[in-house]
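The values are calculated or read from the model by the stated rules, or taken from the named source; none is laboratory data. Here the structure is a predicted model, which is why all the values come from computation and not from measurement. Glycine gets a Cβ as well: all are built from the backbone with ideal geometry, and neighbour counts include every protein chain shown. Note: areas computed on protein heavy atoms with side chains; ligands, DNA, RNA excluded. Shrake-Rupley method; radii C 1.70, N 1.55, O 1.52, S 1.80 Å.
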Amino acid sequence: MAAPTAPTLTSLVTEALKKAGYSSPSSSLLTRAKDEWMEEVKHDIWTRAKKLKSLHTTSIMVTTNGQARYSMPTDFSSDMTMTLLDGNTTGTAQDGTVSTVTLASSETLGESDIIGKEILIYSGTGKGSFSQVTSYDSSTKVATVTPNFATAPTTGDEYMIVDTYYPLIQKPVWELDRTNYPSVRDRPTHFFPIGDSDYGEFILYPVPYRNSTKPWGIRLRYYANLLTLDLSSTLMSTLYQRWRNVWIQGVMVKALENDDDNRQLAVRDIYNNKLIELIMRETYGGDLSNLRCTIVDYE
């Protein structure tokens, strides 16, 4: 049996408009539903809760020697954790694809040394790509990774086999201002978020610096901003599927409001209930489906 077809922005708004009474929505109405009403539904969700499970995502960055200040990802909303990535084994790739990287011809690692470890491409075309090695052929030097690299590494890209993780401690930026030597250079141990979700940055302390060309990697786990997510991103496609009923009900409400249709009040009540259910399900500690209760009668 084939898997159900994944919903898209077009299929969701089309279904919503059909439920609102448009048997064959015009292209202009579809455009308005996608560009305006769908955005209003996203805003309805966003104003109720920003730290939702489905908005968890990860970004990989690479430090620059002597640089302490870095920009947050463009879809950043709020941080969860930041980890410094390091490793003793580095080299220059001979070749690569989205699912493999051919390590240096001089690489002496065996299968037991690399399988299960993560690999960071820290310079070249695939810079910032990061994944876990699931198989390795020590004769061909080809390492297979899962999941796929964000960008396929190519000949000449430099890699690091990550074997050490340093969790960074988050502190408010005013504590950095109290530091006597804010420009001290070493392996970072703290990060200081500055700005907001529209202009987010962070400062590493100490300033990243080492006497080699090898940088550190940074893994940032964070909540994405629903309002700025790339509509063609994998995460947005996942949200179309997970929150399908909310998208459809929300756009249906907007269409009925636009037509001043009396059904809008009843449909809005259903929509609000679906929003509440979504927030409860997507917020830690709020999933009622996991609630268990036992009633004991002592009489």
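Note on residue 178 and residue 95: their simple-model spin labels are 5.7 nm apart, each label 7 Å out from Cα toward Cβ.
Quantify how much of the Cα-Cα distance distribution of the chain extends past 31 Å, in percent. Intermediate results must be reported in sequence, preceding the final value.
Details: 21374 of 44551 pairs.
Value for the chain (Cα pairs over 31 Å): 48 percent.
Summarising the amide proton neighbourhood of residue 96: residues at separation of 5 or more, or on other chains, whose placed amide H is nearer than 5 Å comprise 102, 155.
Most mobile of 13, 184, 62 per a Gaussian network model of the chain (Cα springs, under 10 Å)? Of 13, 184, 62, the Gaussian network model singles out 184 as fluctuating most. Residues whose amide H comes within less than 5 Å of that of residue 189, counting only those at least five positions distant or on another chain, are 205 (H built at 1.01 Å from N in the peptide plane). Rounded to the nearest 20, the Cβ-based charge dipole of region 1-136 about its Cα centre (Lys and Arg +1, Asp and Glu -1) stands at 620 debye. Springs between Cα atoms under 10 Å define the GNM used for the chain, and in it the highest mean-square fluctuation of 284, 222, 271 occurs at 284. Ordering 212, 102, 21 by the projection of their Cα atoms onto the charge dipole of the chain, which places +1 on the Cβ of Lys and Arg and -1 on the Cβ of Asp and Glu, puts 212 at the extreme positive end.
Checking understanding here: applying a Kyte-Doolittle mean of at least -1.0 and a length along the axis of at least 20 Å (C-alpha), which whole DSSP H helices in the chain pass? Working shown, then result.
Numbers: long enough: 244-258 (21 Å, 0.06); 264-282 (26 Å, -0.13).
Result, helices passing both filters: 244-258, 264-282.
For residue 131, the residues 5 or more places off, or on other chains, whose built amide H falls under 5 Å of its own are 119.
Hey, what's region 167-247 come to in accessible area per residue, 1.4 Å probe, Å²?
Details: 4430 Å² over 81 residues.
The answer is 55 Å² per residue.
Per atom type, the chain shows carbon and sulfur on 49% of its accessible surface, probed at 1.4 Å. Return the subset of 50/274; 50/127; 18/53; 19/274; 42/274 for which the Cα-Cα distance in this structure is over 22 Å, preserving the input order. Pairs exceeding 22 Å: 50/127; 18/53.
Would you mind calculating the relative contact order of region 1-154 from Cα pairs under 8 angstrom and at least 6 residues apart, reporting the percent as a whole number?
Details: 167 pairs, mean separation 26.6, N = 154.
Relative contact order for region 1-154 comes out at 17 percent.
At q = 0.14, 0.22 Å⁻¹ the log10 of I(q)/I(0) for region 1-110 amounts to -0.91, -1.26, computed by Debye summation with a single uniform scatterer per C-alpha, solvent ignored. For region 164-178, 3J(HN,Hα) computed residue by residue from phi via the Karplus equation (6.51, -1.76, 1.60; θ = phi - 60°) reads 9, 10, 10, x, 8, 8, 8, 9, x, 5, 5, 6, 5, 5, 8 Hz, glycine and proline entered as x. Note on residue 18 and residue 166: their simple-model spin labels are 5.7 nm apart, each label 7 Å out from Cα toward Cβ.
Averaged per residue, what accessible surface does region 1-128 expose to a 1.4 Å probe, in Å²?
On the way: 6280 Å² over 128 residues.
I get 49 Å² per residue for region 1-128.
With the chain treated as a Gaussian network of Cα nodes joined by springs under 10 Å, which of 178, 221, 242 yields the largest mean-square fluctuation? Its mean-square fluctuation being the largest, the pick is 178.
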